[in-house]
1. Please name all residue pairs, on different chains or six or more residues apart, with Cβ atoms under 8 Å, provided the first residue is in region 20-47 and is within 14 Å of Tyr7 (Cβ to Cβ) and the second residue is in a loop (DSSP other than H, G, I, E, B) and acidic (Asp, Glu).
2. Among the residues of region 95-132, write down those that are surrounded by 13 or more Cβ atoms within 10 Å (Cβ to Cβ) and assigned to a strand (DSSP E or B).
3. Restricting attention to region 60-73, does a residue exist that is surrounded by 18 or more Cβ atoms within 10 Å (Cβ to Cβ), part of a strand (DSSP E or B) and either touching a strand residue (DSSP E or B) at 6+ places or on another chain (Cβ under 9 Å) or small (Gly, Ala, Ser) (or both)?
4. On the basis of being at pLDDT 95 or above, among the basic types (Lys, Arg) and part of a strand (DSSP E or B), does Arg16 make the cut?
5. Could you say whether any residue in region 46-53 is outside any helix (DSSP H, G or I), under 17 Å from the mean Cα position of the chain (by Cα) and modelled with pLDDT under 95?
6. Being out of contact with any helix residue (DSSP H, G or I) (no Cβ under 8 Å at 6 or more places or on another chain), under 30 Å from Ala18 (Cβ atoms) and of a type in the set (Asp, Glu): is that true of Glu155 here?
7. So, in region 129-169, of the ones that are of a type outside the set (A, V, I, L, M, F, W, C) and within 15 Å of His102 (Cα to Cα), which residue ends up farthest from the chain's Cα centre (by Cα)?
Amino acid sequence: MGFRISYVAAALPLERLAGTMGLTLGPSLSDMPADDRPWGAQLASGTALVLLWDMKAPDTHGAALASLSAEADVHAAVLSETTMFAEARCWSGGQRAWRVWHEGDGDDPYHLATEGTLPDDFAQIRDGAMAEQREEAAAGEEVDCIFEIPVTLIENRIGFRYDDALEPDAVEGIWQLQR
């Protein structure tokens, strides 16, 4: 089936980030939920993370997240493994700073679009994924390495990757979130 999620992160208290998105902290959890409950974590790095099984959350809360970015940069990812769509966004200083997205379900397996002033590591990440995509295609493999570009951009900024478990020493707490 594959993930169809979005997550948002900022170097703020989790209560502040979740509240901006109309969410409150519910029961404390011992680990990341394995079901489709929304959850949030306060990472040991000081970054708050909100994960929703809703791909529209960054659009729904875009104005509020832009406003919140006056306090701290806000990063968001939108991912659909079922359609191989991946997007990374950053708001900073009250406005969107950059956006990178890949639509892998079309005719162009190398599709990649960008807006804004991209992070310094973007070119290296892009070039590596493009080279890997070419190598795999030459070997007759049907893979989507370009999907990894937005995923890696966000991971490098917030220290979280959607398909990896949070290690106990990397998190101060995990909570179920409620609307």
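1. Note: pairs meeting the criteria are Pro38/Asp54.
2. Arg96, Ala97, Trp98, Arg99, Val100, Trp101, His102, Glu103, Thr114, Gly116
3. Within region 60-73, none of the residues are surrounded by 18 or more Cβ atoms within 10 Å (Cβ to Cβ), part of a strand (DSSP E or B) and either touching a strand residue (DSSP E or B) at 6+ places or on another chain (Cβ under 9 Å) or small (Gly, Ala, Ser) (or both).
4. No; evaluated as a whole, the condition is false for this residue.
5. Going through region 46-53, the residues outside any helix (DSSP H, G or I) turn out to be 46-53.
Then drop every residue that is not under 17 Å from the mean Cα position of the chain (by Cα), which leaves 46-53.
Within this subset, residues satisfying the condition of being modelled with pLDDT under 95 are 53.
Checked against the condition, which is being outside any helix (DSSP H, G or I), under 17 Å from the mean Cα position of the chain (by Cα) and modelled with pLDDT under 95, region 46-53 yields at least one hit.
6. yes
7. Top of the filtered list is Gln133.
The values are calculated or read from the model by the stated rules, or taken from the named source; none is laboratory data. Since this is a predicted model, take the numbers as computed values, not measurements. Positions of Cβ are generated from backbone atoms using ideal geometry, with glycine treated the same way; all protein chains shown enter the neighbour counts.
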